[in-house]
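Report on the structure given below.
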Amino acid sequence: MALQSTKKCKNCGKWSHWNQQVNDTCEFCGHLLDEKAFLAQAKSEAEANEKKPYQINMELIKIYPTDSFLVKMGKRGVQAVQISFIAILSFILWFLTMLAG
């Protein structure tokens with residue numbers, strides 16, 4: 001016979017089956033059995049989804065299908081300058097990091 005885990009619900013005070021998962025709920029009232037762990041997991045997932053402050057976030061200019069030929073060529077030139085800037089900046093940061101050791 002396998003042992004089953006149970007946990008007392010903090011909301012209604014009754015014992016419920018518990019699979020030791022953060023999203024397990026009480027069989028009687030539906031309240032989360034381990035609310036602290038659920039909130040901690042949600043917080044860590046939110047922090048993981050946030051953008052890191054040290055990442056470069058530069059969007060390229062958008063080229064739409066409705067743009068005329070001259071506008072598309074101009075935007076391609078702007079994109080080339082943007083990509084070149086990012087590449088040069090990345091190289092400088094890499095080089096300085098290598099110098100620092």
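Residues in the stretch 4-11: is at least one over 30 Å from TRP94 (Cα atoms), without any contact (Cβ under 8 Å) to a residue 40 or more places away in the chain and β-branched (Val, Ile, Thr)?
So far as the stretch 4-11 goes, yes, one or more of its residues are over 30 Å from TRP94 (Cα atoms), without any contact (Cβ under 8 Å) to a residue 40 or more places away in the chain and β-branched (Val, Ile, Thr).
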(message) Go through (1) in a loop (DSSP other than H, G, I, E, B); (2) of a type outside the set (A, V, I, L, M); (3) in contact with a strand residue (DSSP E or B) (Cβ under 6 Å, 6 or more places away or on another chain) for PHE38 and report which single condition fails.
(response) (1)
(request) Return yes or no: is LYS52 part of a loop (DSSP other than H, G, I, E, B), out of contact with any strand residue (DSSP E or B) (no Cβ under 8 Å at 6 or more places or on another chain), modelled with pLDDT of 85 or more and surrounded by fewer than 10 Cβ atoms within 10 Å (Cβ to Cβ)? (result) no
(message) Just the residues that are among the aliphatic types (A, V, I, L, M) and either in contact with a Gly (Cβ under 6 Å, 6 or more places away or on another chain) or exposed (fewer than 10 other Cβ atoms within 10 Å of the Cβ) (or both), please, taken from the stretch 59-80.
(response) LEU70
(request) Look at GLU47 and say whether it is loosely packed, with under 10 Cβ neighbours inside 10 Å, without any contact (Cβ under 8 Å) to a residue 12 or more places away in the chain and assigned to a loop (DSSP other than H, G, I, E, B). (result) no
(message) Condition first: among the small types (Gly, Ala, Ser), without any contact (Cβ under 8 Å) to a residue 24 or more places away in the chain and farther than 30 Å from LEU89 by Cβ. Can you find one or more residues in the stretch 54-75 that meet it?
(response) yes
(message) For the stretch 30-40, give me each residue that is under 17 Å from CYS12 (Cβ atoms) and exposed (fewer than 13 other Cβ atoms within 10 Å of the Cβ).
(response) GLY30, GLU35
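The values are calculated or read from the model by the stated rules, or taken from the named source; none is laboratory data. Just so you know, these numbers come straight off a predicted model, no measurement behind them. Cβ: placed from backbone, ideal geometry, glycine included. Neighbour counts: every protein chain shown.
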